[in-house]
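A short write-up of the structure that comes next.
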Amino acid sequence: MDEAMLARRAEAAKARAQGGVTRGDRPRQRRCAPNEGSRAAMSARARIELRAAGEDSGLLHFHGVASAYEQAYEMYDFWGPYTEVVSAGAGAVSLARADLDVPLVLAHDSLRRIARTTNGTLVLSESDDGLEVDAPSLDPGDADVAYIAPKLRAGLVDEMSFMFRIVRGHWSPDYSEYRIDEYDIHRGDVAIVGFGANPFTSGDLRSQAVTLERIRSRVVTSKYLTHV
C-alpha cells in the first residue's frame, strides 16, 4: 500500500473517531470504491467446480465458495477507506434457521434462480475457506443452467458473490478496520457473477470421467444488502 493510501486511511480513521462513531456502529455508506453509489463488494479466495451429478442422471453438480473468512479487503464509507474482515463462523446463526431461504442466482438477479435452500436443491455451510455453496442437482434443461454451464466449463465465468445483511460487528480501536461478527443471509442470495473487485481466486471444472485443466480465476466478491 502506498503512502498516499496509508495517509487517507489514517485521515478517515481519525474522522470516524471524531465524528462520533462508536466501535459497535456499522459503516455508513458502505461501498467498495471511493465514489458514492458503488456497490458493497469484497474480494476473497474461493473455488468453483462443476461436474456430472451421477452416472446417467443427466444432472450437474455445482460447488463453490461465495466468500472467504478472516481475509482483509478494502472498503470505503462516509469518511473514506478502511479494511474489512468477515469473522469465521459469522453466518452460523443465520445458516441454522429452519426457514432459511436463499437462492443460487446469476448476477444477483432474483428471477434467474438455479437452486434454492427451501426446496432442497441448495445447501449452504461454513468451512475454513468460508461460505460453501453446494447445488448437487442442477437441471441442464433449465435455460439459466444451460446458459451458465458452458461458460463455467470454459473458464469465461469463474467468480461468486453473496448478498446479506450485517447483524453485528465492531471497529478496531483506531477505527481503521471493521470486523463483521455476524451476518444474516436469509432472503439474500449466493450468486455466480462476472467481474469482481480484485484478482484473488482460482477455480476448477470437472466432469464425471475427466478432470479438466485447473482454471485460474480473477476474483470472488461478496455483496451486501443495504442495512440500517
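Structure values in brief
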{"quantity": "Top-ranked residue in the stretch 47-74 [being assigned to a loop (DSSP other than H, G, I, E, B) and modelled with pLDDT of 85 or more; ranked as nearest to Asp189 (Cα to Cα)]", "calculated": "Tyr69"}
{"quantity": "Count - residues of the stretch 123-137 that are out of contact with any Ser or Thr (no Cβ under 8 Å at 6 or more places or on another chain) and either closer than 15 Å to Ile48 by Cα or among the small types (Gly, Ala, Ser) (or both)", "calculated": "4"}
{"quantity": "Selected residue [crowded, with 21+ Cβ neighbours inside 10 Å, among the hydroxyl-bearing types (Ser, Thr, Tyr), in contact with a strand residue (DSSP E or B) (Cβ under 6 Å, 6 or more places away or on another chain) and closer than 17 Å to Val133 by Cα] from Ser94, Ser67", "calculated": "Ser67"}
{"quantity": "Answer from Ser127, Ser222, Ser202 - the residue that is over 30 Å from Lys14 (Cα atoms), at pLDDT below 50 and of a type in the set (S, T, N, Q)", "calculated": "Ser202"}
{"quantity": "The stretch 140-186, subset of a type in the set (D, E, K, R) and out of contact with any strand residue (DSSP E or B) (no Cβ under 8 Å at 6 or more places or on another chain), residue modelled with the lowest pLDDT", "calculated": "Lys151"}
{"quantity": "Top-ranked residue in the stretch 147-178 [being charged (D, E, K, R) and part of a strand (DSSP E or B); ranked as nearest to the chain's Cα centre (by Cα)]", "calculated": "Glu159"}
{"quantity": "Meets criteria (outside any strand (DSSP E or B), surrounded by 17 or more Cβ atoms within 10 Å (Cβ to Cβ) and either touching a Leu at 6+ places or on another chain (Cβ under 6 Å) or at pLDDT 95 or above (or both)) for Arg16", "calculated": "yes"}
{"quantity": "Pair list, Cβ < 6 Å and 6+ apart or interchain, from the stretch 75-99 residues that are at positive phi and part of a loop (DSSP other than H, G, I, E, B) to residues that are surrounded by fewer than 21 Cβ atoms within 10 Å (Cβ to Cβ) and not aliphatic (A, V, I, L, M)", "calculated": "Gly80/Arg8"}
{"quantity": "Residue that is modelled with the highest pLDDT, among those in the stretch 27-46 that are within 26 Å of Gly155 (Cα to Cα) and crowded, with 20+ Cβ neighbours inside 10 Å", "calculated": "Cys32"}
{"quantity": "The stretch 120-146 - residue that is in a strand (DSSP E or B) and small (Gly, Ala, Ser) and, of those, surrounded by the fewest Cβ atoms within 10 Å (Cβ to Cβ)", "calculated": "Ser125"}
{"quantity": "Selection from the stretch 97-119 of residues that are surrounded by 14 or more Cβ atoms within 10 Å (Cβ to Cβ) and among the hydroxyl-bearing types (Ser, Thr, Tyr)", "calculated": "Thr117"}
{"quantity": "Counted residues, the stretch 101-119 - those being modelled with pLDDT of 95 or more, outside any strand (DSSP E or B) and hydrophobic (A, V, I, L, M, F, W, C)", "calculated": "1"}
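The values are calculated or read from the model by the stated rules, or taken from the named source; none is laboratory data. All values reported here derive from a predicted model rather than from experimental measurement. Here Cβ is always computed from backbone atoms with ideal geometry, including for glycine, and neighbour counts include all displayed protein chains.
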